[in-house]
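Structure first, commentary second.
We did not get these values from a lab; they are worked out from the coordinates using the rules stated. Predicted, not measured: the structure shown is a model, and the values here were computed from it. Note: ideal-geometry Cβ built from the backbone for every residue, glycine included; neighbour counts use all protein chains shown.
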Protein chains: 2
Amino acid sequence: MSTTTYSVGEVSARTGFSVDTLRYYERLGLIEPVERSVGGRRMYRDEDVGWLDFVSCLRDTGMPIERMREFAELCRDGEHTVPERVDLLAAHGQRVEAEIEVLRTKLAAIRHKIEYYEGVLALRDGQGPDQGSTGQDGQQAGESSEEGRRA
Amino acid sequence: MSTTTYSVGEVSARTGFSVDTLRYYERLGLIEPVERSVGGRRMYRDEDVGWLDFVSCLRDTGMPIERMREFAELCRDGEHTVPERVDLLAAHGQRVEAEIEVLRTKLAAIRHKIEYYEGVLALRDGQGPDQGSTGQDGQQAGESSEEGRRA
DNA sequence: GCTTGACCTGGAGTCCGCTCCAGGTCGCAG
DNA sequence: CTGCGACCTGGAGCGGACTCCAGGTCAAGC
């Protein structure tokens, strides 16, 4: 069983992190110091890649680097930190859920606006073409009559 | 019908934008120059607040300021820009949907990890308390055997 | 009239998360 | 042995989105 390893470039391709970011994360202690070849080059193992995949979950869900670092530290500190890790992840999970909810709500408002615009277009195309290019549509005025208050 | 107006502080409280941010957005042309009192103070009207509510939808769904500015400009340029506005918003909507999808997927992976940890805890509490604090749990090693590859 | 707090301006400063750079090494192909 | 491309380091630079500051004005209450 030859323990295959990957260069930083390969890992970059696999994980989507840029080469610079991989080195940056390592400096920050977000990744354990990666094994090196004789010539000093990084040799990532499968576990490293697995960890990076998880880090990408954290990052892509908006966890700040500092908190990821804390989490990494907990992982390094041994199994007795598992409860804390759960707390940290669960708290993050809640934030992500809340974030998703915000996105859904606000996206709905955006879609609503699109529909309003499409209504405007349908109306315009249906009856008389282009009635005065500069109507009472000054940024907020025009459509606010339709949507006004309500985030 | 007295057209009520709001001070920058009131609008800040209502919209959630900080006072500084409100002024900043106005400077950038993201909001039309707001009406002023004799003494030079901003007096926001309901339409302004409505527009800000919509801006918060764009911002909170991650639209960069520059694109918001473009959108604001289209709104100012008159009704003939409605198709472009729709395009801009629709494109943004797609990105937001994609983003939500990413969040869901990655959140699922995080939950999976939490469950794994809870399994570890249940196991540990069930049979023999704390078996060696510094096991083979060096950051990625331990749990990678469980989750390994797969973002 | 005086105090106090909210407001004004232009510009500088901050924080985050990378990203780029210079100057040097490694190692494989030809 | 010579390229050449991928890699190394420490540190500087960048883009985005605010946030803060100094120094001044305004307006309502006492």
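Against the conditions (1) free of Cβ contacts under 8 Å to residues at least 40 places away in the same chain; (2) more than 10 Å from chain B (Cβ to nearest Cβ); (3) within 15 Å of DNA strand C (Cβ to nearest atom); (4) on the phi < 0 side of the Ramachandran plot, A:GLU99 satisfies every one except (2).
Looking at this structure, is B:LYS113 touching a residue at least 12 places away in the same chain (Cβ under 8 Å), over 22 Å from the mean Cα position of the chain (by Cα) and over 30 Å from B:VAL11 (Cβ atoms)? Criteria met by B:LYS113. Residues that are of a type in the set (Val, Ile, Thr) and near DNA strand D (Cβ under 8 Å from one of its atoms) within segment A:14-42 comprise A:VAL19, A:VAL34, listed in sequence order.
Can you tell me which residues in segment A:13-42 are within 14 Å of another protein chain (Cβ to nearest Cβ), more than 17 Å from A:PRO64 (Cα to Cα) and either exposed (fewer than 13 other Cβ atoms within 10 Å of the Cβ) or not hydrophobic (A, V, I, L, M, F, W, C) (or both)? The answer is A:ALA13, A:ARG14, A:THR15, A:GLY16, A:GLU32, A:PRO33, A:GLU35.
Looking at B:THR15, B:THR3, just one residue is within 23 Å of A:VAL102 (Cα to Cα) and touching a residue at least 12 places away in the same chain (Cβ under 8 Å), and that residue is B:THR15. The set of residues from segment A:5-29 being near DNA strand C (Cβ under 10 Å from one of its atoms) and among the aromatic types (Phe, Trp, Tyr) comprises A:PHE17, A:TYR24, A:TYR25.
Scanning segment B:43-57 for residues that are more than 9 Å from chain A (Cβ to nearest Cβ), closer than 28 Å to B:GLY93 by Cβ and within 14 Å of DNA strand D (Cβ to nearest atom) yields one hit, B:VAL55. Looking across segment B:71-96 at every residue that is surrounded by fewer than 16 Cβ atoms within 10 Å (Cβ to Cβ) and under 19 Å from the mean Cα position of the chain (by Cα), the one that is nearest to the other protein chains (Cβ to nearest Cβ) is identified as B:ALA90.
Somewhere in segment A:110-122, is a residue among the β-branched types (Val, Ile, Thr), more than 7 Å from chain B (Cβ to nearest Cβ) and assigned to a helix (DSSP H, G or I)? So far as segment A:110-122 goes, no, none of its residues is among the β-branched types (Val, Ile, Thr), more than 7 Å from chain B (Cβ to nearest Cβ) and assigned to a helix (DSSP H, G or I). For segment A:1-10, name all the residues that are within 14 Å of chain B (Cβ to nearest Cβ) and within 8 Å of DNA strand D (Cβ to nearest atom). Hit for segment A:1-10 is A:GLU10, nothing else.
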